[in-house]
Each structure stands twice: as C-alpha cells, then as structure tokens.
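One structure is given below, encoded as structure tokens.
The values are calculated or read from the model by the stated rules, or taken from the named source; none is laboratory data. Nothing here was measured: the structure is a model prediction, and the numbers come from that model. Positions of Cβ are backbone-derived with ideal geometry, glycine not excepted, and every protein chain shown enters the neighbour counts. What goes into the accessible areas is simple: the full protein's heavy atoms, side chains included, and nothing from ligands, DNA or RNA. Shrake-Rupley method; radii C 1.70, N 1.55, O 1.52, S 1.80 Å.
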Amino acid sequence: MSSTHSVTAREFNLTSSNSDHPNTTQLSYRDAGVDIDAGDRLVENIKPFAKRTLRPEVLTGIGGFGALFEISKKYQNPVLVSGTDGVGTKLKLAFQLNQHDSIGIDLVAMSVNDILVQGAEPLFFLDYFACGKLNVETATAVISGIAKGCELAGCALIGGETAEMPGMYPHDEYDLAGFAVGIVEKDRIISGTTIQAGDIVLGLASSGAHSNGYSLIRKIIENNRVDLSTDFHGKTLADTIMAPTRIYVKPVLELIKQLPVKGLAHITGGGLVENVPRILPDQLMAVLQKDAWEMPPLFHWLQQHGNVADHEMARVFNCGIGMVIVVAPEHAKNALRSLHASRETVWKIGEIKPRTNNQAATVLV
C-alpha cells in the first residue's frame, strides 16, 4: 500500500523580509491538515493484512512506487482482464453505523465478480482510500476488509493509495475505489456467443443487497424512521443490510475447470432484468421462473416498507440471485453438483429461448 503520506515531508518556512508580509509563523503539512505520521502508521498496520494475500507471482508489493507481478508460465496465450468499481452509497450506512470492517469485502467483490464473468482468474487488486482527515483505526478496518476480500478471491493486494485531502470530505467520511486485474487463456474467454435456445440458466444465491440499490434502501429507512438495531430473522436489521457482497470467484473457477460454461452475468445495478441480457446474443432471451428460488426476507421487507413495484424490484436489486450461469442442458446436472460441492446455494431458475424483436431480453414469469 503506497501512500501519499509515505513520501518525505518538507516543512515550508513562510517568513519574509518584506515588511509588507510580516507573518513569521512557521507552518507544517500537519498544520494544513495532513498528518504524515498517521499515514505511515496506516501503512505499517496494513502490511500484515496484505502479506496474507500474496501469490507466488508477486515480485514487489507494499511500499514501493509500483508493484511488480509476473505472469505465470502456465498460461499459453494469456489475456488480461481488468475492472474497477466502488461500493456506492452503502458507504453512507457504514458511516452512520460505524461499521467499517466489511465494506472492503464489498469493494473487492464488485470488481473481481465483474472480471470473473469472462472466465478470468483475479490476479491482483489495488485500492484507493480518500478522506479529509485520516482516522488510522477506521482506515485499518476498511483495508483489513479489502485484504479479506482478496483472500476470498485468491488475488493479491499489492498496492493502493491513501489520500488525505483536508476540506474535500465531511468529517469522519471517506471514499473508496478498487481496481482488479485478472487473466484468462484467450481460447477460454467466456463471451456468451455460444449461448443458444434450450440452454439452462442457473442462479447463485446472493448474500443480500450486495452493493446496489442503497440509495433506495436509505430512502426506505429514512421514510419509515427504521431502528436498524431491531432483530431481523436472528440478526440485527443493520447487519442484514450491511452483509458484504458474496465473492463467487473460487466456486465458479472450479466449475469452469470441470465443464464448459457458456455465459456468466454478475447481477449488480439493473438487477436480473438488465444484467442477463448483456451476455445474450440478440435473437435470444432468458425466461426466468420467479418461483424457482425464494426471495430472501430482506427484499420482501424492502418492497413492503418502500411500496416498491415488482418490476422496480427486479431492475434495482438482485432479489436473491447474485450470479447467473448459462450451461448446455446436458451439463446442468453436473454444474449443480459442482456448485453444491463448493457450498454454494444454487437453483435452476430458467431457460434460454428464441426472441422476437418486440420481446424483452429477460422475462420473469
């Protein structure tokens, strides 16, 4: 984790011999609102977390101006796949609830799940943490979560940036962005082009709302003056709403090793309605059975308390399905078996069918 705070500090003497400028106050970077020592403490705090994520290909990591990563010789014709994302206004709830230890998992998940859909194995991850005044304890909690997400995804946390910018952010708030790079053999790229009518659509369970739709979630909470400490199916409502995004990398990569996968869709903003069509050829549609899986209680609660229409639910939230997998019908049974063996909750949720020009690309029936 490189840091804007790890560079050599210079103090600027603003004295002047000109009588028109009598100010002889000596200022430091800390006087301007930037604490270099706090930045250095953060770097030292997060080094053990990052070390746990290292892969053999990492040549240099935390502390340098750039990180070096060697491409493994096991790849014959490698293609790099990159992705970047944030966690949206879920951060606002993290500030409100003072829950910072899992938001980093969300950050990693949003990028690694995105590059996974092309069959890519995530290799390394970098983060950007920006704040007005650095709170070392909060930043350490956030970045420890990022490291945990990298462990779940099997990728290395090899660098990042911590930016302390006085006046840019409200007190005790910060912003996050993440960047993932993965790799896939060129002839193993999953593009969706081989999907055809009769193929089976599988759905992997989400862990909750993941990191999408939180502006609407916050509006529902505000309008109903909800007490987030309320018990909700054995957990607090706060913990249910803040559950980190599920990372699907390891079970899906294991599945890809075992049998051909024709298409993968990460169900993020836009829900099932808008994400599944992104992998479908123009002449096809996905017909999904709404009763094939049980929508988790959180989404029922959101729909009821927000008076949200069915169609709006399906295009804002994942509604319990975080990743969609398309396989040939002859491979569906083995795909279900593999995913169950990886301890994933998975359902057969639909089928690919021919589509005419006036039909939607995803239909829930």
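Which values, in whole Å and largest first, are the semi-axes of the equivalent ellipsoid of the stretch 263-315 obtained as the square root of 5 times each eigenvalue of the Cα gyration tensor? Intermediate results must be reported in sequence, preceding the final value.
Working: eigenvalues 112, 27, 20 Å².
Semi-axes, largest first: 24, 12, 10 Å.
With unit charges on the beta carbons (Lys and Arg positive, Asp and Glu negative) and the dipole taken about the Cα centre of the chain, which residue among ALA50, PRO296, ASN212 sits farthest to the positive side?
PRO296
When the accessible area of the stretch 230-365 is split by element with a 1.4 Å probe, what percent falls to carbon and sulfur? Spell out each step's value before the answer.
Values: 3120 of 6460 Å².
Ligands and nucleic acids excluded, carbon and sulfur reach 48 percent.
How big is the charge dipole of the chain about its Cα centre, in debye rounded to the nearest 20, if each Lys and Arg gets +1 on its Cβ and each Asp and Glu gets -1 on its Cβ? Can you show the working numbers first?
On the way: 32 positive and 39 negative charges, 243 e Å.
With Lys and Arg at +1 and Asp and Glu at -1, about 1160 debye.
For the pairs LYS148/LYS257; LYS186/LYS348; LYS51/LYS90; LYS90/LYS353; LYS47/LYS262, note any where the Cα-Cα span goes beyond 31 Å. Numbers along the way, then the final one.
Numbers: LYS148/LYS257 24 Å; LYS186/LYS348 29 Å; LYS51/LYS90 28 Å; LYS90/LYS353 36 Å; LYS47/LYS262 39 Å.
In this structure, LYS90/LYS353; LYS47/LYS262 exceed 31 Å between Cα atoms.
Calculate the FRET efficiency for ASP40 and MET168 from the Cβ-Cβ distance with a Förster distance of 22 Å, rounded to the nearest 0.05. Walk me through the numbers on the way to the answer.
Values: r = 21 Å, r/R0 = 0.94.
Once the sixth-power term is evaluated, E becomes 0.60.
How much accessible area per residue does the chain have, counting only protein heavy atoms and a probe of 1.4 Å, in square angstrom?
Details: 17720 Å² over 365 residues.
Each residue of the chain exposes 49 Å² on average to a 1.4 Å probe.
When N counts the residues of the stretch 225-365, how does its alpha-carbon radius of gyration compare numerically with 2.2 N^0.38 Å, as a ratio?
1.14
For labels at LYS74 and GLU137 in the simple 7 Å Cα→Cβ model, what's the distance in nm?
Using points 7 Å along Cα→Cβ, the separation is 4.2 nm.
So what's the Cα pair-distance distribution over the stretch 190-242, bin width 5 Å, in %?
4, 15, 17, 18, 11, 7, 7, 9, 9, 3
Need one number: convex hull volume per residue for the chain, Cα atoms only, in Å³. The partial results should precede the final answer.
Numbers: hull volume 66.1 nm³, N = 365.
In the chain, the Cα convex hull volume per residue is 181 Å³.
With all protein chains present and a 1.4 Å probe, how do ASP291, ASP199 order by accessible area, largest first? Before the final figure, lay out the partial values.
Values: ASP291 130, ASP199 0 Å².
If we order ASP291, ASP199 from most to least accessible, we get ASP291, ASP199.
On the first, second and third principal axes, largest extent first, how far apart are the outermost C-alpha atoms of the stretch 96-229 in Å?
52, 40, 23
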